[in-house]
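Comments concern the structure below.
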Amino acid sequence: MSLRFILGKLLRAFLTLLLAVTFVFIVLRMSGDPVSQMLPDDTPASVVAAYRQMWGLDRPLPEQYARYVAGILHGDFGFSFRDNRPALDVVLERVPLSLELGLTALALTIVLGIGGGILAALKRGTSVDHATMAFTIMGHSMPNFFLGILLILAFAMTWRILPSSGTGSWRHLVMPAVTLGTSYAATVARFTRSSLLEVLHQPFMRTARAKGVPFRRRILGHALPNAGIPIVTVVGLRLGALIGAAVVVEPVFAWPGVGQLLVSAVAFRDLAIVQTIVLLIAFTMVVVNFLVDLTYGWLDPRIGMVSGEAAA
Amino acid sequence: MTAAVLTKVGVGSAGALPVEPTIDPARAPAATPVLAIEGLTVGTGAVDLVIDVSFEVAAGETLCLVGESGCGKSLTCLAAMGLLAEPVRRKSGSVRLGATELTSLDDRRLRDIRGRDMAMIFQDPVASLNPVQRVGRQVAEALVVHEGIAMRSAMRRAVELLGRVGIARPNERANAYPHQLSGGMCQRVMIAMALACRPKVIVADEATTALDVTTQAQILALMKTLQDETGTAMIFVTHDLSVVAEIADRVAVMYSGRIVETGPVDALFDHPAHPYTRGLMDCRLHALSAAGGRLAAIGGTVPRPSARPVGCAFRPRCPRAEERCEMVPELKPFAGSQSAACHFPGSAR
Ligand SMILES: Nc1ncnc2c1ncn2[C@@H]1O[C@H](COP(=O)(O)OP(=O)(O)OP(=O)(O)O)[C@@H](O)[C@H]1O
Ligand code: SF4
Ligand SMILES: [Mg+2]
């Protein structure tokens, strides 16, 4: 991987972030005058003007934009009027819980999705394969919240072996993580299976066989490194969906993470919180994409190489 | 004669070759065969794709398998290596390497033999190499697997091997990925990989077909030189008769799954016995002569394996066909060193 490749990807990540910030700025300005939305209708015009001046809303738009970007660079994401604290503080408090849930779901996905996909590909056409594929179709087609409710009905209401809501122990984590991870794991399993099957038919796999390489070594040393590229792609791409799904799943289990905060902030029109979360999600996505790009470069030497080297 | 043919048809780059064609006309077919295939039949379900194929190769000898596309050359090679994949399977016949009957070995034992005693080189060298692994490592893997040595020392030997197959700066090239090398370079890597454990037999399935003419000549010359040094037996598949003229000691011509003629290369070029072999020779001259005189080319196409005619499969295209040809002709000796599967061998019309 060349330095140029990495720098190029960094630049792209930075531009994407700037675009996200700009987008949020435009949406905020388009959604109406925050002062008149916040203050009662009968507020005297002079008070409104005073607020507008205090928040810099009387300045020309480009200046407002510059101030906005500068503020964000300094960690100023606005003030949550509901909590009466900086919005960033309110949001960051919730991050560890969401991370705990998200990473558990991700781990579940990787173990079940990739593991199941590999197993299905290697046992193609057997009952193992069929069972895995049946699971992926179910996991894929069932909406998250519906699966969540089913799990609550079964494990919390009927059998009473798992708590239906809240946090505190691993037992609280099980249902939300399974709910969040299932459709993700299903997608990853399908992708893993198909990309591995495709690689297994490549000529270089026959070469490895002709060389007398044992089965395990053929799979681990030749097939998986080649199948890895599409798998990393789908894991990276679907991470966005995972974050989106968290917004739905957290409230179902009263899991006090960022997703639940977002839902309540929207209900309260706490715009500072909403914009902070949106930017945080954008930031996470950009970082993930950057990591996925780097992983590509590492997995596939054809990507990110200076081309035209060593032609013979 | 071979040399004469080469000059006459102006085979690609024959003149540029550093190695003289060293075909010994007196060489008898296989004294002690290294690899012997007998009565090999390969197919899927009810369809036979390779039928009752038998041949042998001795140490230091090169047998060329020739024939049009789809006649079963690759399947014969894969069957010899025990590499057939579902749904194609060996239905009957034996494959003996020295005294070992390979068809009765389990996969574990066969794996020990593949890559160590028998190696295979494929048509598309770039696709035949793992795109995400350095080529040196891919060569070294054969040594790691078969000789149980550590990757580090295997890598040193891999670099030596790369040098031996004519790759300049093998130290650097060992660290290249396949996409950074040309097709010819990749085929050299494949040859190095095949040679790594000093196999008794090398099976080369159209090893030069995908290469440009100059590179093709270089690779052929390399394979011949290495064969002279190592005494490896070689099965070389091609449908290019100029390649045959270049490297074969003996030739087996296949048509629609069967061997229809076999014999020393000179004899086959001089007096082909089977009408199909004659057709091939004519085609070659026809295709390559600028004047383009009216030489009989073979009309028609190879029948699909599921729809072969009754009797001799070549009958619909054969200028010599008669009623008797509705019976399958056996492969019978002809003119001393040759054999042909034809009711009317050697009789042109
Ligand atoms: N997996 C398969 N399933 C069914 N038929 C097959 C399979 N592989 C090969 N065949 C058929 O077997 C016949 C012989 O195939 P083979 O690949 O051995 O031909 P070939 O002589 O190597 O031809 P070419 O010069 O094109 O490489 C062909 O008719 C082909 O269609
Ligand atoms: S057996 Fe008959 S049809 Fe077949 S090649 Fe000979 S002459 Fe032609
Ligand atoms: Mg072939």
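Data table
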item: Single residue of the range B:111-125 satisfying the filter (buried (at least 17 other Cβ atoms within 10 Å of the Cβ) and part of a helix (DSSP H, G or I)) that is farthest from the other protein chains (Cβ to nearest Cβ); result: B:Ile113
item: Checking A:Arg94 against (1) free of Cβ contacts under 8 Å to residues at least 60 places away in the same chain; (2) touching a Gly at 6+ places or on another chain (Cβ under 7 Å); (3) of a type in the set (D, E, K, R), the condition it does not meet; result: (1)
item: Meets criteria (touching a helix residue (DSSP H, G or I) at 6+ places or on another chain (Cβ under 7 Å) and exposed (fewer than 12 other Cβ atoms within 10 Å of the Cβ)) for A:Gly56; result: no
item: Answer from B:Val95, B:Val159 - the residue that is hydrophobic (A, V, I, L, M, F, W, C) and either in a helix (DSSP H, G or I) or facing chain A (nearest Cβ under 9 Å) (or both); result: B:Val159
item: Wholly enclosed helices (runs of 4 or more DSSP H) of the range A:1-89 bearing at least 1 residues farther than 27 Å from A:Ser264 by Cα and aliphatic (A, V, I, L, M); result: A:3-30, A:45-54, A:61-73
item: Answer from B:Val302, B:Val328, B:Val310 - the residue that is within 16 Å of ligand 1 (Cβ to nearest atom), part of a loop (DSSP other than H, G, I, E, B) and hydrophobic (A, V, I, L, M, F, W, C); result: B:Val302
item: Unmet requirement for B:Ile259, which otherwise passes all of (1) away from ligand 3 (no atom under 16 Å from the Cβ); (2) within 25 Å of B:Arg114 (Cβ to Cβ); (3) modelled with pLDDT of 90 or more; result: (1)
item: Filtered residues of the range B:178-200 (kept if within 27 Å of the chain's Cα centre (by Cα), within 7 Å of another protein chain (Cβ to nearest Cβ) and farther than 17 Å from B:Thr230 by Cβ); result: B:His179, B:Leu181, B:Ser182, B:Met185
item: Lone qualifier among B:Met193, B:Met223, B:Met185, B:Met254 - being within 16 Å of ligand 1 (Cβ to nearest atom) and not charged (D, E, K, R); result: B:Met254
item: Per-region count, the range A:203-216, residues more than 7 Å from chain B (Cβ to nearest Cβ) and charged (D, E, K, R); result: 1
item: Flag if B:Ser128 is surrounded by fewer than 23 Cβ atoms within 10 Å (Cβ to Cβ) and of a type in the set (S, T, N, Q); result: no
item: Unmet criterion (only one of (1) in contact with a Pro (Cβ under 7 Å, 6 or more places away or on another chain); (2) on the phi > 0 side of the Ramachandran plot) for B:Arg198; result: (1)
item: Some residue of the range B:234-248 being in the same structural domain as B:Cys77 (by TED's automatic domain parsing), farther than 20 Å from B:Val213 by Cβ, more than 16 Å from ligand 1 (Cβ to nearest atom) and part of a loop (DSSP other than H, G, I, E, B); result: no
item: Members of the range B:331-345 found to be within 10 Å of ligand 2 (Cβ to nearest atom) and in a loop (DSSP other than H, G, I, E, B), listed by number; result: B:Ala341, B:Cys342, B:His343, B:Phe344, B:Pro345
item: Residue count, the range B:60-99 (criterion: crowded, with 17+ Cβ neighbours inside 10 Å, more than 9 Å from ligand 1 (Cβ to nearest atom) and touching a residue at least 60 places away in the same chain (Cβ under 8 Å)); result: 9
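Residues checked against (1) within 16 Å of ligand 3 (Cβ to nearest atom); (2) in a loop (DSSP other than H, G, I, E, B):
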{"position": "B:Arg198", "(1), (2)": "no, yes"}
{"position": "B:Val203", "(1), (2)": "yes, no"}
{"position": "B:Leu211", "(1), (2)": "yes, yes"}
{"position": "B:Ala217", "(1), (2)": "no, no"}
{"position": "B:Thr225", "(1), (2)": "no, no"}
{"position": "B:Asp228", "(1), (2)": "no, no"}
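The values are calculated or read from the model by the stated rules, or taken from the named source; none is laboratory data. What you see is a predicted model; the values in this text were computed from it and never measured. Cβ: placed from backbone, ideal geometry, glycine included. Neighbour counts: every protein chain shown.
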